[in-house]
Structure formats: structure tokens, C-alpha cells
Amino acid sequence: MPLLTADPLTVTRGDRALLRDFALRLDAGELVHLRGANGVGKTSLLETLAGLRRGAGTIVWQPADAQPHWLGHRNGLNPQLSPLENLRFWCGINGAATAAIAPALERLQLPPRARLRACRQLSAGQKRRTALARLLLQRRPVWLLDEPLDGLDAGGLALFAQLAGAHLAQGGAILMTSHQALPAPLQARELVL
């Protein structure tokens, strides 16, 4: 069953069309790995699907009121706030329970002391783990992830593979970009732009 279909979709940046008459189908349990050179439109496509950028065409979500999880390559964290404060803020604007924050950070193995530091003081990997924790705070069937593997060490890559595998096994779907190979045992349909 498709959780997301887009057809025909035109994605623009400024007055330039990056993709024309683009068609996409993302099924439950499927991971699609967007590949392509820098500037070809991978991020713009994800932003259009997430509703952050205008595009032309039809985008259909199943169910119709579904909201995707969006994780951009910049993490979306306020550098002055701690991981706990950032995630509390995210929960507040998304109507999610804050009780899930501590278990999410525990699952992503963010050290207890790092949870209280300003994000500007964290390593790139710790910031990425904090951003990935949002995926566990509210169940959403589709994850739109822009370079989610950046900054992760071997342990972080293994954690990502576990999170993604569990999401797919529960009938979720993932559309992601990455210039890196996916960590084992994840398997994906590749879509080259």
C-alpha cells in the first residue's frame, strides 16, 4: 500500500526547475535512497514533499491527514538550548508527550551529561543523535530524512539501522538522501536523480 505518491511533480529552486514530471511511490515497509550529485534537487524534493517548499503537481498521503517526520541535514536544533530543552520545545509544538524524551535519548545513547549541555557544545554526532530522537517522540508513518548519517560514528550508524529497521517492520516508510552507503542490514530501492 502506498503511503506517499507524487505524480507529476515539478520541483523548483528559484525560477529554475530541478525536476519535471517526477513520479514517486513510497510503499509501507519501503526504504528509498535518493542518490545524485550535489545540486541536483534531492533536498529540494524532500522539502517539497514535507510542505516546506512550493512545487507543482499532486502529492497524496495515506492516510490523507498523515504528517511526515522531516529531518533536515542541519538538525533543526537551537544551539543555545540543551538536547532536553530542544526536544521539549519540539514536543510542545507537535503535541507530543514529553515523557518519551528520556527513553528516546537513552535509546540513541546520548550520554546523560550531554543531554544538559547547550547543543553548541556537542559533537556533530551528538547533535545528530539528538535530532534523530525526534523520530521516536511521535509515531508518523513516513520519514523524510536529508543526510541522516552525517556525523555518526560506527555506533551511531548501527543505532540508525536499528531505528530504521524497526520503523519499516512496523509498516512505516523512509525516503532519505545520503552520500554514504547505508549501514547493514538496511536495504533500499535506489532512486538516482
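What to note about this one:
- Within region 121-153, the set of residues being among the basic types (Lys, Arg) and closer than 17 Å to Gln109 by Cα comprises Lys127, Arg128, Arg129, Arg134.
- Residue under evaluation Arg20, criteria (1) outside any strand (DSSP E or B); (2) within 15 Å of Leu193 (Cα to Cα), criterion not met: (1)
- For region 71-101, a tally of residues being in contact (Cβ under 8 Å) with a residue 12 or more places away in the chain and surrounded by 12 or more Cβ atoms within 10 Å (Cβ to Cβ) returns 21.
- Unique residue being within 26 Å of Leu157 (Cβ to Cβ) and either assigned by TED's automatic domain parsing to the domain that holds Asp7 or surrounded by fewer than 18 Cβ atoms within 10 Å (Cβ to Cβ) (or both) when the list is Ala64, Ala114, Ala28: Ala28
- Any hit, region 34-42, residues being on the phi < 0 side of the Ramachandran plot and part of a strand (DSSP E or B): yes
- Of all residue pairs spaced 6 or more apart or on separate chains, those with beta-carbon atoms under 8 Å, a first member in region 21-45 that is in contact (Cβ under 8 Å) with a residue 40 or more places away in the chain and a second member that is of a type in the set (Gly, Ala, Ser) and surrounded by fewer than 17 Cβ atoms within 10 Å (Cβ to Cβ) are Ala28/Gly171; Gly29/Ala169; Gly29/Gly171; Lys42/Gly36.
The values are calculated or read from the model by the stated rules, or taken from the named source; none is laboratory data. What you see is a predicted model, and the numbers here were worked out from it, not measured in a lab. Positions of Cβ are backbone-derived with ideal geometry, glycine not excepted, and every protein chain shown enters the neighbour counts.
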